[in-house]
Amino acid sequence: GSSRTGTLTIAGNTFTVTQGISSVSTIRNALFVNASTSGNKTSVLRLINTSTQSGAITATAYNEAGSAVGTGNMIIGTPAAQQMLSLTSAQLEAAIGYTPSSSIAKYRIVFTGNLSSFEVINFIKDVASGNLTLGQAQVDNRAASSATTSTRNALFVNASTGTNKTTVLRLINLSSSSGSITATAYDEAGTQLGVGNASIGILAAQQMLSLTSAQLEAAIGFTPASTTAKYRIVFSASLNSFEVLNFIKDVATGSLTLGQDQID
């Protein structure tokens, strides 16, 4: 950090006072970024400096297996106070020196800003129309806790038997340790469905686990009573923090839209 010096006079005596100013930084995650090589949809990220000072923002990307891709901690811009920085998938990939392995590649980007505060809005961009839809709510304003377990809710899950839409959930471990994940489902009346605390896997450090409605129902031993069935799933992990992205999947097109803000 830096410091500033001034004088203080008390009862006719003048003192020199030095006040330390500690450096500040803020971390935000773009949990789900589409590759620029996709023929259907890419991503547009807007980084908004809500502070009264300018500061550099760096980026480090991780693929779905949790491996770092490209060069870490690359500076992607220095937004002025109250300024917004807009970046496409292609611009981000060029900045960090990363070439996606396929057109359907997904990755996570950790942004670190030399700022007291900034926010990330993550949009999915339809390649054909250019339309933007929200791809992620801002979820990681919570400080990591010291607890060894945490719980997240997928509040609204569509049955795998839905003829129009189903659900895809992405569970993302932001921590540096791995942990086991269990799931318990409840119907709209609050009745437990299938087996409680069913194991759905180990979430490795920095890794993302993608699960469809069908995979979740198989894991908990639940067969939906109708094609329009809706249910809630409570995920518990032996981790101090993890995140859930809840997407609605259009059966006809396969497109994903955000189905729930992360609120809990």
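Here are a few things to note about the model shown:
- Accessible surface area normalised per residue over the chain is 48 Å², counting heavy atoms of protein chains with a 1.4 Å rolling probe.
- Volume in Å³ per residue [convex hull over Cα atoms, computed for the range 156-208]: 99
- Positive dipole terminus of the chain, leading residue within 163, 111, 35 (C-beta point charges): 111
- Annotation: residue 230 carries an accessible surface of approximately 50 Å², with a 1.4 Å probe and no ligand, DNA or RNA atoms counted.
- Diffusion constant of the chain at 20 °C, which comes from Stokes-Einstein with the Kirkwood Cα-pair radius and 1.002 mPa s, µm²/s: 105
- Shape index of the range 144-183: Rg/Rh, with Rg the Cα radius of gyration and Rh the Kirkwood radius from the inverse mean 1/r over Cα pairs, equals 1.08.
- Calculated SAXS-style log₁₀ I(q)/I(0) at q = 0.14 Å⁻¹ - the range 98-244, Debye, Cα scatterers: -0.81
- Using only side-chain charges placed at the Cβ, +1 for Lys and Arg and -1 for Asp and Glu, the dipole size of the chain relative to its Cα centre rounds to 260 debye.
- Spin-label pair residue 81-residue 199: with each label point 7 Å from Cα along the Cα-Cβ axis, the two points sit 5.5 nm from one another.
- Taking amide H positions as modeled 1.01 Å from N, with prolines and chain starts lacking one, the residues under 5 Å from residue 77 and 5 or more places away or on another chain are 57.
- Within the accessible area of the chain (1.4 Å probe), percent carbon and sulfur: 51
- Rg/Rh for the range 217-264, where both radii come from Cα atoms and Rh is the Kirkwood radius: 1.00
- All Cα pairs of the range 36-183, percent lying beyond 19 Å: 62
- Counting only DSSP H runs of at least 4 residues, each contributing -39500 (n - 2.57), and dividing by the residue count of the chain, the helix-based mean residue ellipticity at 222 nm comes to -1500 deg cm²/dmol.
- Hydrodynamic radius by Kirkwood, which averages 1/r over all alpha carbon pairs of the range 69-137, in angstrom: 13.8
The values are calculated or read from the model by the stated rules, or taken from the named source; none is laboratory data. Here the structure is a predicted model, which means the values were calculated and not measured. Every residue, glycine as well, gets a Cβ built from its backbone with ideal geometry; the counts of neighbours run over all protein chains shown. Accessible surface is based on the protein model in full, side chains and every heavy atom, while ligands, DNA and RNA are left aside. Shrake-Rupley method; radii C 1.70, N 1.55, O 1.52, S 1.80 Å.
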